[in-house]
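Asker: This is the structure I want to talk about, given as structure tokens.
The values are calculated or read from the model by the stated rules, or taken from the named source; none is laboratory data. Remember, it's a predicted structure, so these values are computed and weren't measured experimentally. As a convention, Cβ positions derive from the backbone with ideal geometry for all residues, glycine included, and neighbour counts pool all protein chains shown. Surface areas here come from the heavy atoms of the whole protein model, side chains and all, with no ligands, DNA or RNA. Shrake-Rupley method; radii C 1.70, N 1.55, O 1.52, S 1.80 Å.
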Amino acid sequence: MADIRNNFIGIKSPNPFWLASAPPTDKAYNVERAFKAGWGGVVWKTLGEEGPPVVNVNGPRYGAIWGADRRLLGLNNIELITDRDLQTNLREMKQVKMNWPDRALIASIMVPCVEESWKAILPLVEETRADGIELNFGCPHGMSERGMGAAVGQVPEYIEMVVRWCKQYTRMPVITKLTPNVTDVRKPARAAKAGGTDAVSLINTVNSITSVNLDTFSPEPSIDGKGSHGGYCGPAVKPMALHMVAEIARDGETRGLPISGIGGVTTWRDAAEFMALGAGNVQVCTAAMTYGFKIVQEMIAGLENWMDEKGHRSLDDIVGRATPNVTDWQYLNLNYIAKAHIDQEACIKCGRCHIACEDTSHQAITSLVDGVRHFEVMEDECVGCNLCVNVCPVEGCITMVPLEADVLDQRTGKTVSPNYANWTTHPNNPMAKVAAE
Amino acid sequence: MATGHFKDGIAGNRLAPETYADNFSDLHPPLDHHEALVEADRCYFCYDAPCMTACPTSIDIPMFIRQIATGNPLGSAKTIFDQNILGGMCARVCPTETLCEEACVREAAEGKPVQIGRLQRYSTDVAMEEEKQFYKRAASTGKRVAVIGAGPAGLAAAHRLARYGHDVTVFEAKPKSGGLNEYGIAAYKSTDDFAQAEVDYVTAIGGIDIRNDMALGRDIQLSDLVQSYDAVFLGMGLGGINALKADGEDAKGVENAVEFISVLRQTGDLAKLPIGRRVVVIGGGMTAIDAGVQSKLLGAEDVTICYRRGKEDMNASGFEQDLAAANGVTIRHWLQPKRVISHNGKVTAIELEYTAMKDGKLSGTGELLTLPADQVFKAIGQTFVSSALNGSGASIELENGRIKVDAEGHTSMAKVWAGGDCIRGGEDLTVTSVAQGRDAAESIHRAFTSNGRA
């Protein structure tokens, strides 16, 4: 049986599934329910400094996009950090940690970007016996207008400075949560590392407007006819999050820096993908907000089953396994040639492969053969782009079949080379590295 | 004395009064907004879609479904009406399981086609409830066209002609318009007086004058129409009924299924419509099923459809056969009527003979079966009655008993076109009649305007 116990920067939890800092972790009531359901850890909803708590809007906080059957694909929110009194949160955190010593409890923190503020809150949090802290440098709305959240996360110098303060004023491990609303996520990650962070977590939510009401011309969610950009999350952001996790995992400066993966994790499979790209564990929010806490049971069982099936004994066997396979375009093997192949038995003759190829790609799929509706790849035109595979409604019907070495590529009229060759040495590349004479 | 189901003979009030409304409610209830979106999302928007090819009126089905999916039901309705102005009725009565839905690639993939008929009903309902008219009548051309029959073919022809600005007079033999939509379809397929609502919707374009109770050969003559109109479209359907060719078929209680359905459709209080305790329907088409199922729904205790060939030979679709079975109607095959047995002039039973294929020919085996029956419905096909047509003046050429037309719907007589069930090659479907009426109208318009040019 696979062992899915998680040890993330020394913080232990029975499984790698944590709830991200968000409404599901706002108070003891929710967190108790989450732990009962089986979650390995929680990052408590972001604490602010002492004083009058923040206020939220009193209209809608969330917007969404859906599939046809109202399956929630993407969620956006304009909720701020906790709007509960700091002392109440601290008291509850302490009690919950006492009740659930085997679970991870992390405090998310966001206070003004001045040393005194961080110095003041850290001992209070430490007193709760929380396992660590997460610095919320990601929240893209509201708080960022006050110089916090993403306003810090978008300035690497600030990140480094605040992380340094935290490492100075607390013994607790520090996780730095990064915003995706930057052009190159490696820069803030490098800054966090330079400041001494123990780990990074990403992604926070993406700046977004989910939709526009075409009757009122108000963005959604609409508060009295106006809208503000919110943070986008859920299944729709997963591909962007995977990319950012991979970039940090393979960057020369941050390689080896522990990562807590966040962004649209909905199933065990999503979690396994994040971990394969280098995340030591994952944090979940939208899936829980959509379906409730019970989903963690599917995640645990699914991950265990997959690991058993593949012979992975512990999480260490899978974390980072896909990272070395992420490379730059210029290093992709240009001698790898694949052609689409349509399984005629499986084909239902919808013709989508044909029209996609005909109208928008390479005119490489027939629609009629001898006057009969028939969809077949013309290998002499197929560039192997995979569009037909992606638009085909039947899974497994169209596959990309690599050409064997020394076989003739009918499109180019050349035989397939058995050797790896990439753009850096390609004759068409004016910057090609020419071998020394 | 036995009451309800078990009352002998032909009687009304077999069911509790409130049961009738339930029994004759919509066979396929309309999709609500969310159901329509979910179902529309199942459409793959196929290239050169097979469903579209299978539709006799060539509706752009993937497009109208995509318009539903994108929240544009009115645009969707226009896509449908562009090809088929009776798209609302066709959505209800088309045997989609043998047309568009049979061709749907999801039928091939998983045996569950997109519910095209119900989606078509969804958008046409939206447009018709809003009384949205998509077409404006062109300025009057002064050309006058006589249309015989206000059924699907005649209405489709009239609408298309009116769009072009021609003045259309429709002569309808019955007191109400709609043809078989009004008189000939099972009540649970066209509820809430939809046929009349559709007639109103189609004629709202203007330029269509319907004259009811005007029968060709009785009140009007073709020879006169040809004189006084610029063109004539014949869309009068089938007026005759095939005989059982069984001894004693003139007994009381032996009735035409078509007539029974027609009376049922015009009956306000169905409890008052008498039905036999034991009903036998002879035939294997849609009419047989409609008569059998509706007999059962009226409270007949026992309904048996007898067909002289096998299950696979039945004209009724598999869906219709299942519908009959689900309603408790028994379908028996390889039986042909031999003799109606009666007492005091009233039918009491029917004697049938088993049949078999012998040397490629259907023949009786000699073995007999007697089924008790208070009522026997004949549903063994209708025939075209040509006497009205050729009663006077020049005659129109027939072929296999129906009017012969060319590819454009033109008959052998100058200025006369025909379409619908009365022509040779019709499939006796509402949707094919609509296509033929529409296409004949296009042909008439071309003739008026020398290939479309005014």
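Asker: A drop of at least 40 square angstrom in accessible area, chain alone versus all protein chains together, probe 1.4 Å. Which residues of segment B:28-56 meet that?
Answerer: Flagged in segment B:28-56: B:34, B:44, B:47.
Asker: Would you please give the residues with an amide H less than 5 Å from that of residue A:374, counting only those at least 5 places away or on a separate chain, with H modeled from the backbone geometry?
Answerer: Placed amide hydrogens put A:368, A:369 under 5 Å from residue A:374.
Asker: With a 1.4 Å probe and every protein chain left in place, work out the accessible area per residue of segment B:339-454 in Å², rounded to a whole number. It would help to have the intermediate numbers written out before the result.
Answerer: Details: 5560 Å² over 116 residues.
Result: 48 Å² per residue.
Asker: What is the angle, in °, between the Cα long axis of helix B:152-163 and the longest principal axis of the Cα atoms in chain B? Nearest 10 is fine, range 0 to 90.
Answerer: It works out to around 10 degrees.
Asker: Next question, about the same structure. If I build a Gaussian network model for chain A, linking alpha-carbon pairs within less than 10 angstrom, which residue out of A:86, A:368, A:135 has the largest mean-square fluctuation?
Answerer: A:368
Asker: Something else now. If you plug each phi of segment B:409-419 into the Karplus form 6.51 cos²θ - 1.76 cosθ + 1.60 with θ = phi - 60°, what whole-Hz ³J(HN,Hα) values come out, in order, with x for Gly and Pro?
Answerer: Taking θ as phi minus 60°, the curve returns x, 7, 8, 6, 9, 4, 6, 10, 10, 8, x Hz for segment B:409-419.
Asker: Can you compute 3J(HN,Hα) from phi for each residue in segment B:44-53, using the Karplus curve 6.51 cos²θ - 1.76 cosθ + 1.60 with θ = phi - 60°, rounded to whole Hz and x for Gly and Pro?
Answerer: 8, 6, 4, 6, 6, 4, x, 5, 5, 5
Asker: When you take every Cα atom in segment B:336-440, what is the radius of gyration, and what is Dmax, the widest Cα pair distance, in Å?
Answerer: 20.1, 54
Asker: Whole-Hz ³J(HN,Hα) for each residue in segment A:140-153, computed from phi via Karplus 6.51 cos²θ - 1.76 cosθ + 1.60 with θ = phi - 60°, x for glycine and proline: what do you get?
Answerer: x, 10, x, 4, 5, 5, 9, x, 10, x, 5, 4, 7, x
Asker: Find the centroid of the Cα atoms in segment B:309-387 and in segment B:105-168, then give the distance between the two in whole Å.
Answerer: 36 Å
Asker: Would you mind pulling out the separation of the Cα centroids of segment A:8-43 and segment B:23-54, in Å?
Answerer: Between the Cα centre of segment A:8-43 and that of segment B:23-54, the gap is 44 Å.
Asker: At a probe size of 1.4 Å, how large is the accessible area of residue A:98, to the nearest 10 Å²?
Answerer: Its heavy atoms expose roughly 130 Å² to the probe.
Asker: Also: May I ask for the angle, rounded to the nearest 10°, between helix A:115-126 and the longest principal axis of chain A, with both axes built from Cα atoms and the value confined to 0 to 90°?
Answerer: 90 degrees
Asker: Where both residues lie in chain A, what percent of DSSP beta bridges are antiparallel, nearest 5?
Answerer: On the way: 28 of 56 bridges.
Close to 50 percent.
Asker: Can I ask one more? Taking the solvent-accessible surface of protein heavy atoms with a 1.4 Å probe, what is the per residue accessible area of segment A:125-186 in Å²?
Answerer: Details: 2340 Å² over 62 residues.
Ligands and nucleic acids excluded, the figure is 38 Å² per residue.
Asker: Tell me, what is the percent relative contact order of segment A:15-56, built from C-alpha pairs under 8 Å that lie six or more residues apart? Let's see the in-between values first.
Answerer: Numbers: 44 pairs, mean separation 20.0, N = 42.
Normalised by residue count, the contact order of segment A:15-56 is 48 percent.
Asker: When the solvent-accessible surface of protein heavy atoms is calculated with a 1.4 angstrom probe, in what order do B:131, A:220 fall, highest first?
Answerer: Working: B:131 145, A:220 55 Å².
The residues order as B:131, A:220, largest area first.
Asker: I need the fraction of alpha carbon pairs in chain B separated by more than 38 Å, rounded to a whole percent. Write down the numbers at each step before the final one.
Answerer: Values: 27537 of 102831 pairs.
So the pairs more than 38 Å apart make up 27 percent of the total in chain B.
Asker: Report, by chain and number, residues whose modeled amide H sits under 5 Å from the one on residue A:337, excluding near sequence neighbours (fewer than 5 apart, same chain).
Answerer: Residues meeting the amide H criterion: A:403.
Asker: Translational diffusion coefficient, Stokes-Einstein: compute it for segment A:356-437 using the Kirkwood radius over C-alpha pairs as Rh, at 10 °C and 1.306 mPa s, and state it as an integer in µm² s⁻¹. Please list the in-between numbers first.
Answerer: Numbers: Rh = 15.4 Å.
Taking Rh from Cα pairs, D becomes 103 µm²/s.
Asker: What does the net charge come to around residue A:418 if you take all other residues with beta carbon closer than 10 Å to its beta carbon, with K and R at +1 and D and E at -1?
Answerer: -2
Asker: Sticking to Cα atoms, compute the Rg of segment A:68-202 to one decimal and its Dmax as the biggest Cα-Cα distance, whole number, in Å.
Answerer: 15.5, 51
Asker: Provide A:44, A:100 ordered by accessible surface of protein heavy atoms (probe 1.4 Å), highest first. Walk me through the numbers on the way to the answer.
Answerer: On the way: A:44 0, A:100 45 Å².
Sorted by accessible area, descending: A:100, A:44.
Asker: Counting only other residues whose beta carbon sits under 13 Å from that of residue A:141, what net charge do I get with K and R as +1, D and E as -1?
Answerer: Values: positive: A:61, A:146; negative: A:79, A:145.
Taking every Cβ under 13 Å from that of residue A:141, the sum is 0.
Asker: Enumerate by residue number the trypsin sites (Lys or Arg not before Pro) in segment B:225-265 meeting two conditions: DSSP loop (anything except H, G, I, E, B), and at most 10 other Cβ atoms within 10 Å of the site's Cβ. Please report the intermediate quantities before stating the final value.
Answerer: On the way: sites: B:245, B:252, B:265; in loops: B:245.
Counting only loop positions with at most 10 other Cβ atoms within 10 Å, the trypsin sites (Lys or Arg not before Pro) in segment B:225-265 are B:245.
Asker: I've got another one for you. Divide by every residue of the protein assembly as shown the summed helix terms, -39500 (n - 2.57) for each DSSP H run of at least 4, and state the resulting mean residue ellipticity at 222 nm, rounded to the nearest 500 deg cm²/dmol.
Answerer: Details: 29 runs with 274 residues, N = 891.
Calculated from helices alone, the mean residue ellipticity at 222 nm is -9000 deg cm²/dmol.
Asker: Per residue, how much accessible area does segment B:7-94 have with a 1.4 Å probe, in Å²? Working shown, then result.
Answerer: On the way: 3710 Å² over 88 residues.
I get 42 Å² per residue for this part.
Asker: Leaving out ligands, DNA and RNA, and with a 1.4 Å probe, what % of the accessible surface on the protein assembly as shown is carbon or sulfur? Walk me through the numbers on the way to the answer.
Answerer: Numbers: 19730 of 39860 Å².
Ligands and nucleic acids excluded, carbon and sulfur reach 49 percent.
Asker: Under 25 Å Cα-Cα from residue A:97, which lysines qualify once same-chain neighbours fewer than 8 residues away are excluded?
Answerer: A:12, A:27, A:36, A:45, A:119, A:167, A:177, A:294
Asker: Here is a further query. Using a 1.4 Å probe on protein heavy atoms only, how many Å² of accessible area do B and A hide from each other, summed over both chains and rounded to 100? Don't skip to the answer; put the middle values down first.
Answerer: On the way: alone 19720 and 21190 Å², together 39860 Å².
Chains B and A together bury approximately 1000 Å².
Asker: Answer rounded, prolate or oblate for the protein assembly as shown, using the Cα gyration tensor with square roots of eigenvalues a ≥ b ≥ c: rounded when a/c is under 1.5, else prolate when a/b is larger than b/c, else oblate. Can you show the working numbers first?
Answerer: Numbers: a/c = 2.49, a/b = 2.14, b/c = 1.16.
Note, shape of the protein assembly as shown comes out prolate.
Asker: Which percent, to the nearest 5, of DSSP beta bridges fully inside chain B are antiparallel? Could the numbers behind the result be given before it?
Answerer: Values: 24 of 59 bridges.
Of those bridges, close to 40 percent are antiparallel.
Asker: Mind checking which of A:333, A:204, A:76 has the largest fluctuation in a GNM of chain A, springs on alpha carbons under 10 Å?
Answerer: Judging by the Gaussian network model, the answer is A:333.
Asker: Compare each residue of segment A:364-406 in its chain alone against the assembly with all protein chains, and report those whose accessible area goes down by 10 Å² or more; 1.4 Å probe, heavy atoms.
Answerer: A:367, A:373, A:393
Asker: Give me, ordered by chain and number, the residues 5 or more places off residue A:3 or on other chains with an amide H under 5 Å from its own placed amide H.
Answerer: The list, which skips near neighbours in sequence, is A:314.
Asker: From largest accessible area down, sort B:259, A:395; use a 1.4 Å probe on the protein chains. Write down the numbers at each step before the final one.
Answerer: Details: B:259 100, A:395 180 Å².
From most exposed to least exposed: A:395, B:259.
Asker: Still on this structure, please answer the following. For residue A:341, what accessible area in Å² do you get when you roll a 1.4 Å probe over the heavy atoms of the protein chains, rounding to the nearest 10?
Answerer: Around 100 Å² of this residue is reachable by solvent.
Asker: Sticking with this structure for a sec: Which one of A:331, A:158, A:29 has the biggest mean-square fluctuation once chain A is modelled by GNM with Cα springs under 10 Å?
Answerer: A:331
Asker: Of all DSSP beta bridges in the protein assembly as shown, what percent run antiparallel (nearest 5)? Kindly include the intermediate steps, with their values, before the conclusion.
Answerer: Numbers: 52 of 115 bridges.
DSSP beta bridges in the protein assembly as shown are roughly 45 percent antiparallel.
Asker: Report, to the nearest 10°, how far helix B:116-129 tilts away from the longest principal axis of the Cα atoms in chain B, using its own Cα long axis and a range of 0 to 90°.
Answerer: 60 degrees
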